[in-house]
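The numbers here are math on the coordinates, done by the rules we state, and not lab data. Model, not experiment: these values are computed from the prediction. Cβ placement follows ideal geometry from the backbone for every residue including glycine, while neighbour counts extend to all protein chains displayed.
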Amino acid sequence: MRFNEVKRSYFSDLGLDDGEEIHTKFIYHGKSGYKGKDLELRLNLIADLLRLLEADDVRLVYSWTNVEKLYDPQNALDYCFTHFCERAHNCVDRDGTGLLIGDLDDDSRNHLWRKFGDFRKAGTPWTFGQKLPRFVDTVHFVDSRVCELVQLADVYAFHLSGSGGHRKGYAAKRLSELTHDINLFPSSYKVWPK
């Protein structure tokens, strides 16, 4: 996988162990194993990982919930997850099968398993909810340290969280310069509520 080639190349230059996780926030801010490592190399690593997401066979999907606009903010995760499942399902070819893989997070894992189980039985909980027949059985949660796809999803999520211009300073400006020509327009997305 090209992901491992990019990782090995940069980790060699940065003097990092191959077992170090791609955790974009740590790379960007120089935390954990990336502490004291060359900023330009770190930012180029993020940019090159984002370029991997431009491939024709990659379908980018996201759901963004504006928590401050919710009447019921304690259910923000449910809303976001539901919208994400619908958008991801719509990106699976009609005769294809999809699999949802999530980062192993004890705080939300069991809750999301139950929610997804409900979606599989009765569809999503809206008036015009969707059945999700193209997904296999359940959401599969894995430790991000051993799953390149989850690490790559982290890179995309980091990119999305900064695309609103909330990051400031030299690193933000330089990363923007390095990524300005990368096309990461999603195949499907939902921003809610507007």
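The table below lists the values:
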item	result
Computed [θ] at 222 nm, helices only, for the chain once each DSSP H run of length n ≥ 4 contributes -39500 (n - 2.57)	-14000 deg cm²/dmol
Net charge of Cβ neighbours under 12 Å - reference Pro193; Lys, Arg +1; Asp, Glu -1	+1
Kirkwood Rh in Å, taken over the range 61-144 so that all alpha-carbon pairs contribute	13.5 Å
For P(r) over Cα pairs in 5 Å bins from 0, in percent, calculated from these coordinates, the label among (1) 1, 7, 14, 16, 14, 11, 8, 6, 5, 4, 4, 4, 3, 2, 1, 0; (2) 1, 7, 14, 18, 18, 16, 12, 8, 4, 1, 0; (3) 1, 8, 15, 19, 18, 13, 9, 6, 4, 3, 2, 1, 0, 0	(2)
Sequence-distant lysines (8 or more away, or on other chains) whose Cα lies within less than 30 Å of Lys35	Lys7, Lys25, Lys168, Lys173
Karplus-derived HN-Hα couplings along the range 14-24 (A = 6.51, B = -1.76, C = 1.60, θ = phi - 60°), whole Hz, x at Gly and Pro	8, x, 9, 6, 4, x, 5, 7, 7, 10, 4
Sites Arg120 and Asp181 - FRET efficiency at Förster radius 41 Å, r taken between beta-carbons, to 0.05	0.55
Within straight-line cross-link reach of Lys121, lysines at Cα separation under 26 Å, skipping those fewer than 8 residues along the same chain	Lys131, Lys190
Net charge of Cβ neighbours under 14 Å - reference Pro133; Lys, Arg +1; Asp, Glu -1	+1
Summed side-chain charge close to Ala88 - residues other than Ala88 whose Cβ falls under 12 Å, Lys, Arg +1, Asp, Glu -1	+3
Charge dipole of the chain about the Cα centre (unit charges at C-beta), most positive-ward option of Val139, Ser9, Ser187	Ser187
